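Engineer: Pasting a structure below so you can have a look.
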Amino acid sequence: MKRIAVLTSGGDAPGMNAAIRAVVEQGLHHGIEVLGVRFGYKGLVEGDFIPLSIADVHHKVKRGGTMLYTARYPEFREEATQLLAIEQLKKHEIDGLIVIGGDGSFGGALALTKLGFPAIGIPGTIDNDIPGTEYTIGFDSAMTVALEAIDNISDTAASHNRTFVVEVMGRHAGDIAIWAGIAAGSDAIIIPEESYDIADVARRVDAGRAAGKDYSMIVLAEGVMGVEEFVKQYSEVAPHQSVRGVTLSHIQRGGNPTGRDRVFATLMGAKSVDLLIHGQSGIYVGIINEELAVFDIVETLEKTKHKVREDLYELNLELTERIID
Ligand code: ATP
């Protein structure tokens, strides 16, 4: 193996640059040249490749986003487009590809492997929603940003004795809502995976106030409904409360990655190079119990579903269950 390439695809996530850095340094350590593909699969098809040196990557470790840029490129689902990508890879004498992205991006890596070109995935998405792995690059950073925002909002909420509903990212997965919500000591966490009764949410908030809280916090995952609609429905069952809604939106995707994101991204980046060198492909690297793990793309994506930490969700329900006399 003489030359490999790395790309980022789908939504950007803080920590992707740390993974790119590890791929480059591990590659160079083994005498392998590493090319970066700009703009995901689109750049792959268009041959938008750049050589990557230690000087290019070393100071990017601390930066959010992705230094290689990213793109959505639905055309890559078509075999004819995948074959064009393989042509480009062969033209540039590349022997293997590392794809950092979400499960959609892994579909691309799998397609290339099936067509005879070795590719390996690294999970990079703030949503933490990739089956198999317990951890995805960017989740810890996004959760931390969401938590800081909720903490800030709680200052003004307390000053006015208000109830705030904060909408965090998570179209299909409630991980950010659960982790940021429990860390912020929220009164309620509303996620797509669990049903809820809005009158019960209001009852918990009232019980918290009766017990002495000077503000209330409800954390809502975007996959449930928009915050405006939630506040409208909530105000109907709790007209006595002063309620405001906030959407954190893309602010959660930005900022410097946390140490945890950088460390796991580095572990997975280096491991993916080792696996390619050992002739493996059609797989992705992940984390289970804080340790590196390797997953078969087809088997895992077909047979496994991502699960949120139900124990944390249940714990929050338990902690916020109070009886008003
Ligand atoms: P995120 O969840 O953070 O948005 P993702 O990787 O799941 O990340 P997608 O938009 O689903 O995001 O996929 C990213 C890109 O991967 C697509 O734009 C497309 O280029 C490619 N892709 C997605 N699904 C497939 C597939 N089944 N086969 C080949 N390529 C795919």
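The values are calculated or read from the model by the stated rules, or taken from the named source; none is laboratory data. Bear in mind that the values here come from a model prediction, so they are computed numbers and not experimental data. Glycine gets a Cβ as well: all are built from the backbone with ideal geometry, and neighbour counts include every protein chain shown.
Engineer: All but one of (1) within 16 Å of the ligand (Cβ to nearest atom); (2) part of a helix (DSSP H, G or I) hold for Tyr135; state the number of the condition that does not hold.
Structural biologist: Every condition holds for Tyr135 apart from (2).
Engineer: Still on this model: Scanning region 269-294 for residues that are part of a strand (DSSP E or B), touching a Gly at 6+ places or on another chain (Cβ under 9 Å) and not aliphatic (A, V, I, L, M), which turns out nearest to Glu134 (Cα to Cα)?
Structural biologist: Going through region 269-294, the residues part of a strand (DSSP E or B) turn out to be 283-288, 291-294.
From what is left, the residues that are touching a Gly at 6+ places or on another chain (Cβ under 9 Å) are 283-286, 288, 292-294.
Those still in the list that are not aliphatic (A, V, I, L, M) too: 284, 286.
Numbers: Tyr284: 13, Gly286: 7 Å.
For region 269-294, the residue satisfying everything is Gly286.
Engineer: Here is a further query. Could you figure out which of (1) part of a helix (DSSP H, G or I); (2) outside the structural domain of Pro131 (by TED's automatic domain parsing) isn't true of Val263?
Structural biologist: For Val263, the exception is condition (2).
Engineer: Continuing with the same structure: Quick check on region 95-126: of everything there that is surrounded by fewer than 24 Cβ atoms within 10 Å (Cβ to Cβ) and assigned to a loop (DSSP other than H, G, I, E, B), which residue is farthest from the ligand (Cβ to nearest atom)?
Structural biologist: Filtering first and then ranking leaves Asp95.
Engineer: When you check Val57 against the structure, is it touching a residue at least 40 places away in the same chain (Cβ under 8 Å), within 16 Å of the ligand (Cβ to nearest atom) and either crowded, with 24+ Cβ neighbours inside 10 Å or part of a helix (DSSP H, G or I) (or both), yes or no?
Structural biologist: Numbers: touching a residue at least 40 places away in the same chain (Cβ under 8 Å): yes; within 16 Å of the ligand (Cβ to nearest atom): no; either crowded, with 24+ Cβ neighbours inside 10 Å or part of a helix (DSSP H, G or I) (or both): yes.
Criteria not met by Val57.
Engineer: Now a separate question. Give me a count of the residues in region 136-176 that are of a type in the set (Ser, Thr, Tyr) and more than 29 Å from Ala18 (Cβ to Cβ).
Structural biologist: Residues of region 136-176 of a type in the set (Ser, Thr, Tyr): 136, 141, 144, 154, 156, 159, 163.
Narrowing further to those that are more than 29 Å from Ala18 (Cβ to Cβ): 154, 156, 159, 163.
The total comes to 4.
Engineer: Sort out which residues of region 313-325 are touching a residue at least 60 places away in the same chain (Cβ under 8 Å) and outside any helix (DSSP H, G or I), and write them in order of number.
Structural biologist: Thr320, Glu321, Arg322, Ile323, Ile324
Engineer: Oh, and also: Please go through region 66-94 and give me each residue that is within 11 Å of the ligand (Cβ to nearest atom), surrounded by fewer than 18 Cβ atoms within 10 Å (Cβ to Cβ) and assigned to a helix (DSSP H, G or I), ordered by number.
Structural biologist: Those that are within 11 Å of the ligand (Cβ to nearest atom), surrounded by fewer than 18 Cβ atoms within 10 Å (Cβ to Cβ) and assigned to a helix (DSSP H, G or I): Pro74, Glu75, Arg77, Glu79.
Engineer: Which one of the conditions (1) modelled with pLDDT of 95 or more; (2) in contact with a helix residue (DSSP H, G or I) (Cβ under 8 Å, 6 or more places away or on another chain) does Pro74 fail to meet, given that it meets all the rest?
Structural biologist: Pro74 satisfies all of (1) modelled with pLDDT of 95 or more; (2) in contact with a helix residue (DSSP H, G or I) (Cβ under 8 Å, 6 or more places away or on another chain) except (2).
Engineer: When only residues in region 7-33 that are away from the ligand (no atom under 16 Å from the Cβ) and touching a Pro at 6+ places or on another chain (Cβ under 9 Å) count, which is farthest from Thr136 (Cα to Cα)?
Structural biologist: The selected residue is Glu33.
Engineer: Same structure, new question: Condition first: within 19 Å of the chain's Cα centre (by Cα) and either buried (at least 17 other Cβ atoms within 10 Å of the Cβ) or in a helix (DSSP H, G or I) (or both). Now tell me which residues in region 295-312 satisfy that. It would help to see each step written out before you state the result.
Structural biologist: Initial filter on region 295-312 (within 19 Å of the chain's Cα centre (by Cα)): 295, 297, 300-301, 304-310, 312.
The answer is Phe295, Ile297, Thr300, Leu301, His306, Val308, Glu310, Leu312.
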